[in-house]
Amino acid sequence: MRCFAAMRPNTKALSMQRLIMEIRQVEGREIGGVLDLIDEYDRPLSPRLLDDELLTIYNAILQSGGCVIGAFSSGAMVGTCTLNVCANLSWSGRPYAIIENVIVSKGYRNQGFGKAILQYATEFARNAGCYKAALMTGSKAPATHRFYERSGFSASKQGFQVRFNA
């Protein structure tokens, strides 16, 4: 668990308000909060799975060495990402990590939550013995690309994908 304190201006007064953020692994009972954040994506909503199906997927992520990360403010989940650890035959068998679904709720953006989530994720991947942590974004916004670069990621490869009924 990591706790961070940041100063956030109070728009109704000229004083500064102390913002406490907690970055930690999400527990199975908190998956609903992750899905609420995923629903904030600018895309058509996907039907939600049953709780048992969600827990099966969550446990598979954990069993493969990955985790689901949450950012919390005043006890509410305001950001998340999923880190999958993938077995690998190259790099002397060292795994690699894929970071997916990086989301910070709109009212909490530009306050350090996203950067803290990615810092936790990359540290987790390093501690898991991964030789790299990678992510892709569909965003064309330069601000999004700068955010990832400021968080330690480089646009050093070209990504390609095939989507199936997405």
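The values are calculated or read from the model by the stated rules, or taken from the named source; none is laboratory data. Everything numeric in this text was worked out from a predicted model, so none of it was measured. When we count neighbours, we look across all protein chains shown, and the Cβ atoms used for this are built from the backbone with ideal geometry, even at glycine.
Which members of the stretch 51-99 meet the condition of being touching a Pro at 6+ places or on another chain (Cβ under 8 Å), touching a residue at least 40 places away in the same chain (Cβ under 8 Å) and aliphatic (A, V, I, L, M)? Hit for the stretch 51-99 is V85, nothing else. Scanning the stretch 134-166 for residues that are surrounded by 11 or more Cβ atoms within 10 Å (Cβ to Cβ), assigned to a loop (DSSP other than H, G, I, E, B) and either at positive phi or among the charged types (D, E, K, R) (or both) yields a single hit, G152.
Which is touching a residue at least 12 places away in the same chain (Cβ under 8 Å), more than 26 Å from S73 (Cα to Cα) and surrounded by 16 or more Cβ atoms within 10 Å (Cβ to Cβ), of A128, A121, A116? Spell out the reasoning first.
Working: A121 fails: more than 26 Å from S73 (Cα to Cα); A116 fails: more than 26 Å from S73 (Cα to Cα).
None of the other options fit; the residue is A128.
Just give me the residues in the stretch 149-164 being touching a helix residue (DSSP H, G or I) at 6+ places or on another chain (Cβ under 8 Å) and among the aromatic types (F, W, Y), in sequence order. Full working, then the answer.
Of the stretch 149-164, the ones touching a helix residue (DSSP H, G or I) at 6+ places or on another chain (Cβ under 8 Å) are 150-153, 155.
Of everything in the stretch 149-164, just one residue is touching a helix residue (DSSP H, G or I) at 6+ places or on another chain (Cβ under 8 Å) and among the aromatic types (F, W, Y), namely F153.
The residue list Y120, Y131 contains one member that is touching a helix residue (DSSP H, G or I) at 6+ places or on another chain (Cβ under 8 Å), outside any strand (DSSP E or B) and of a type outside the set (A, V, I, L, M), which is Y131. Residue by residue through the stretch 45-73, note down the ones that are among the β-branched types (V, I, T) and either closer than 26 Å to K115 by Cα or touching a Cys at 6+ places or on another chain (Cβ under 9 Å) (or both). If the condition is that a residue be among the β-branched types (V, I, T) and either closer than 26 Å to K115 by Cα or touching a Cys at 6+ places or on another chain (Cβ under 9 Å) (or both), then I57, I61, V68, I69 are the ones that fit. Out of the residues in the stretch 57-90 that are in contact with a strand residue (DSSP E or B) (Cβ under 8 Å, 6 or more places away or on another chain), part of a loop (DSSP other than H, G, I, E, B) and not polar (S, T, N, Q), which is nearest to V26 (Cα to Cα)? In this case the residue turns out to be G66. When restricted to residues that are at pLDDT below 95, among the acidic types (D, E) and surrounded by 12 or more Cβ atoms within 10 Å (Cβ to Cβ), the stretch 24-75 contains 3.
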